[in-house]
1. Do you know which residues across the range 30-50 are at pLDDT below 90, open to solvent by 60 Å² or more (accessible area, probe 1.4 Å) and not basic (Lys, Arg)?
2. How many residues, within the range 14-25, are in a helix (DSSP H, G or I) and modelled with pLDDT under 90?
3. Name the residue that is nearest to the chain's Cα centre (by Cα), counting only residues in the range 14-32 that are of a type in the set (Val, Ile, Thr) and within 14 Å of residue 42 (Cα to Cα).
Amino acid sequence: MASKDKKTEQHIIDTAMHVFFTEGRLHATTQDIADTARVNRTLTLLFQVT
């Protein structure tokens, strides 16, 4: 994976953690994460942590 992809992935993960802690894990959506990270929602699906 290119360094830009890794940087984007880390940004999405960091943003997701922030949204989970502020919105609550059960209320956070991929759209909330995408909006906060200022990325397309599709990117949040590509970088899902398993």
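The values are calculated or read from the model by the stated rules, or taken from the named source; none is laboratory data. Everything numeric here is computed off the predicted structure, so don't read it as measured data. For accessibility, only protein heavy atoms count, side chains too; no ligands or nucleic acids. Shrake-Rupley method; radii C 1.70, N 1.55, O 1.52, S 1.80 Å.
1. 40, 42, 45, 46, 48, 49, 50
2. Keep residues of the range 14-25 that are in a helix (DSSP H, G or I), which gives 14-23.
Imposing the further condition that a residue be modelled with pLDDT under 90 reduces the set to 23.
The qualifying residues number 1.
3. Going through the range 14-32, the residues of a type in the set (Val, Ile, Thr) turn out to be 15, 19, 22, 29-30.
Now restrict to residues that are within 14 Å of residue 42 (Cα to Cα): 29-30.
Numbers: 29: 10, 30: 7 Å.
Applying the filter and picking the extreme gives 30.
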